[in-house]
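S.K.: The structure's right below; bear with me while I get my questions together.
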Amino acid sequence: MRSAALFAMKEDNLNIPRHVAVIMDGNGRWAKRRFMPRTFGHNAGMNTMIAMARTAKKLGVQYLTVYALSTENLSRPQEELEGLYNLFRKYFTKNVKDLYAEGAAVRVIGDITALPDDVQSLINDGVANSPADARFFVVLALNYGARAEITRAVNAAISRGERVEEGDISSLLDTRGMPDPDLIIRTGGELRLSNFLLWQAAYSEFYFTDVLFPDFNAKEFEKAIAAYSKRNRRFGKI
Ligand code: IPE
Ligand code: IPE
Ligand code: MG
């Protein structure tokens, strides 16, 4: 990203969202257009994701949540899933170290117990080794589904045997301790949530773009932030 443009955004006093969540869609179509296998698109998407985290951090975003694998995606062909698991392996061995070096932490939401054992250990290590004093968080949604997450929270509440308030549900979700997303971006042209952050999105702003995720560069991210900056969030008030 051109740092001059980044600097200008900050200078303009843009309203920077504290938490941005991204539905990174369109990797498969991006690859298909190039007559390449879907995994080629996921590889390109991973590079875009890493660059996006850097841009988000520079702009002053505190939490960047990325939808990398949904509960429903687990029924994709094994070959595609293996390609994704290899990317997770690489991310949690190599790329997380760059995050740590920049004082950033990685977190995970979703039920990772359905992933291969070695991937689970790498993820657990990646989360555990994150700096304790991080001010920027990359939150990976892996085998994440909002319905499954809410169901887990409800069951946890039932096992406590007490009536719950809204705040109790929030504190039982995988996102506990995190602010709700201010901005949810979906690339790839579809206008839906696909089971992402259903509870947390109650008052999120939405930004949809036809850009396929591998092409979602710093300039496109900036455009989303600029659009958010112009929104008038009322939270039901006048
Ligand atoms: C989103 O890209 C990334 C994952 C689901 C892992 P897709 O793989 O859904 O790409 P399209 O939608 O088929 O283009
Ligand atoms: C949403 O994309 C999930 C991720 C980006 C990880 P999908 O491609 O799975 O969503 P649908 O099937 O088009 O709704
Ligand atoms: Mg898709």
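Readers should treat all values here as calculations from the given coordinates under stated rules, not as data from a laboratory. Note that the structure is predicted; figures quoted are calculated from it, not measured. FYI the Cβ positions are ideal-geometry reconstructions off the backbone, even for glycines, and counts take in every protein chain you see.
S.K.: Just to be sure I understand: with springs between alpha-carbon atoms less than 10 Å apart, which residue in 224, 68, 156 has the highest mean-square fluctuation in the Gaussian network model of the chain?
M.R.: Evaluated over the chain, the most mobile residue of the options is 156.
S.K.: Here's a follow-up. Stretched out fully, how many nm does the piece from residue 50 to residue 135 gain, at 0.36 nm a residue minus the Cα gap?
M.R.: 28.9 nm
S.K.: Can I ask one more? Straight-line reach from residue 94: which lysines fall under 27 Å, measuring Cα to Cα and dropping same-chain residues less than 8 apart?
M.R.: Correct list for residue 94: 57, 58, 219.
S.K.: Using only alpha carbons, build the gyration tensor for the chain and give me the equivalent ellipsoid semi-axes, biggest first, whole Å.
M.R.: Largest first, the chain gives 25, 24, 18 Å.
S.K.: Next up: Give the calculated FRET efficiency between residue 150 and residue 125 to the nearest 0.05, with a Förster radius of 25 Å applied to their Cβ-Cβ distance.
M.R.: 0.35
S.K.: Using 7 Å Cα-to-Cβ label points, what is the residue 176/residue 114 separation (nm, one decimal)?
M.R.: Simple spin-label model gives 2.2 nm for this pair.
S.K.: Arrange the peptides 205-215, 116-126, 139-149 so that the one whose residues have, on average, the most other Cβ atoms within 10 Å appears first.
M.R.: My ranking of the peptides, most packed first, is 139-149, 205-215, 116-126.
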